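Worksheet: the structure to be examined is printed underneath.
Every number here is computed from the coordinates shown, using simple stated rules; none is lab data. The structure displayed is predicted, hence computed values, not measured ones. Using ideal geometry, Cβ is built from the backbone for each residue, glycine included, and neighbour counts are taken over all protein chains shown.
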Amino acid sequence: LFTGCGDTKVEDKKPTSKSENAGPEYTLKFSHVVSPNTPKGKAADFFEKRLEELSGGKIDVQVYPSSQLYTDNAVLKALTLDSVQMAAPSFSKFGKIVPQLALFDLPFLFKDIDQLHRVQDGVVGQKLKQMIDDKGYIALNFWDNGFKQLSSSKKPILMPADAEGQKFRIMSSKVLEAQFKAVGANPQMMPFSEVYSGLQQGVIDAAENPFSNIYTKKFYEVQKYLTVSNHGYLGYLVVMSKKFWESLPEDLQKDVVQAMNEATVKEREYAQELNNSQFEKIKEYAKTTGKLEIFELTPEQRAAWKKAVSKIYPEFYDKDLIGKDLINDALNTK
Ligand code: LMR
């Protein structure tokens, strides 16, 4: 097992050799909660192949999808213990560590994905990563999923009032809690791994997810109505155990950065492709089974939602929550 200091070797492997066949010297476990056929899942697999290649096999990357190893809440603790070396939780999951990452949860904050990328790639993104580093993690890159859609088993959600009284599963985010409270709904925090059964058993009525997660976790099977709302964004920060990072020699750290940067370019492509193609598959399911109705918000309905939920921004002006400056910097990013 990797013990994590200096050039410590994986115990049951042969001694170091520069040759490619010497076997791995480091084991990097990458834990995530979604299916392999998602933007994050595919990018994690790409990263695995690429880093193994770049490191000449010295780093053995093992990807564990679908919460097999940890839920997102547990993984953040496990990273500090170096029980796992890498994860990519969604921004909402960092609430207890760096609540400011919930900036990305604020509904209707971004005009489109390009503006959002400029925020992530600019000063705001740097500041947020620094906050994570200051908490004893290594912040790597931001990864996309995409914009979220509303679904329900109770009634179609078109106007904000339609959400009233419905129990919505949310990620562990104060912003998402405020968003649903603003429309009189009843938000319930729940790990991703429990959402399907929660919807199936009626513990919750409704949810918000991007198409990719709705499709790969089959949430469409346990919902009657789906509304294309694109009201908020779901994305991730890839983080690494500091102990693991510091145990790597400089050349392998460079390989990690390169593999990560290449995986990030791919990830953004996967996010676009999969959310489009998997939406088509959901539409096909709706058409062939008649068990799901799909709606698109009209510009008027969208404006009503924007008005109803963006009034929560001032609740997060305190810099210990998100901060007015960060919110304005994001809003003013061209
Ligand atoms: C969720 O909990 O809904 C998401 O964080 C799942 C994911 O990682 O896409």
key: Paired Rg and Dmax values of region 18-132, which use every Cα atom, in angstrom   = 16.2, 52
query = Cα-Cα pairs above 28 Å in the chain: how many percent?
reply = 42 percent
task = Considering the options 309, 272, 189, tell which one lies farthest towards the positive end of the dipole of the chain, charges being +1 on Lys and Arg and -1 on Asp and Glu at the Cβ, about the Cα centre.
result = 309
inquiry  = Which of rounded, prolate or oblate describes region 227-334 when judged by the alpha-carbon gyration tensor and an a/c cut-off of 1.5?
reply    = oblate
remark   = So the angle from the long Cα axis of helix 39-54 to the longest Cα principal axis of the chain, reported in degrees to the nearest 10, equals 10 degrees
request  = State the percent of C-alpha pairs, over all pairs in region 294-334, separated by a distance greater than 11 angstrom.
outcome  = 70 percent
query = Say R0 is 25 Å: what FRET efficiency, to the nearest 0.05, do residue 293 and residue 218 get from their beta-carbon distance?
reply = 0.90
query = Can you give the calculated 222 nm mean residue ellipticity of the chain, where each DSSP H run of n ≥ 4 adds -39,500 (n - 2.57) and the sum is split over every residue, rounded to the nearest 500 deg cm²/dmol?
reply = -12500 deg cm²/dmol
query = Hey, rough spin-label estimate for residue 307 and residue 49, points 7 angstrom out along Cα→Cβ, what's it come to in nanometres?
reply = 5.0 nm
remark   = For residue 63, other-chain or 5+-apart residues with amide H closer than 5 Å (H placed, Pro excluded) are 30
query = By count of other Cβ within 10 Å, fewest leading, how are 262, 25, 269 ordered?
reply = 269, 262, 25
query = Tell me, what is the FRET efficiency for residue 77 and residue 186 to the nearest 0.05, using R0 = 25 angstrom and their Cβ-Cβ distance as r?
reply = 0.30
remark   = Ordering 120-130, 220-230 by per-residue average of other C-beta atoms within 10 angstrom, highest first, gives 220-230, 120-130
query = Taking the alpha carbon gyration tensor of region 87-144, what are the square roots of 5 times its eigenvalues, largest first, to the nearest whole Å?
reply = 19, 13, 10
message = How much of the DSSP bridge set in the chain is antiparallel, in percent, rounded to the nearest 5?
response = 50 percent
request  = State, as an integer percentage, the relative contact order of the chain based on alpha-carbon contacts under 8 Å between residues 6 or more apart.
outcome  = 24 percent
Amide H contacts under 5 Å for residue 146, placed H, 5+ residues apart = 234
inquiry  = Please list the three semi-axes, largest first and in whole Å, of the ellipsoid equivalent to region 213-267, using sqrt of 5 times the eigenvalues of its alpha carbon gyration tensor.
reply    = 37, 12, 10
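Would you mind giving the three semi-axes, in whole Å and largest first, of the ellipsoid equivalent to region 63-204 according to its Cα gyration tensor?
Details: eigenvalues 153, 82, 32 Å².
The answer is 28, 20, 13 Å, longest axis first.
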remark   = For residue 27 and residue 261, extending 7 Å from Cα along the Cα-Cβ vector and measuring point to point gives, in nm, a value of 3.1 nm
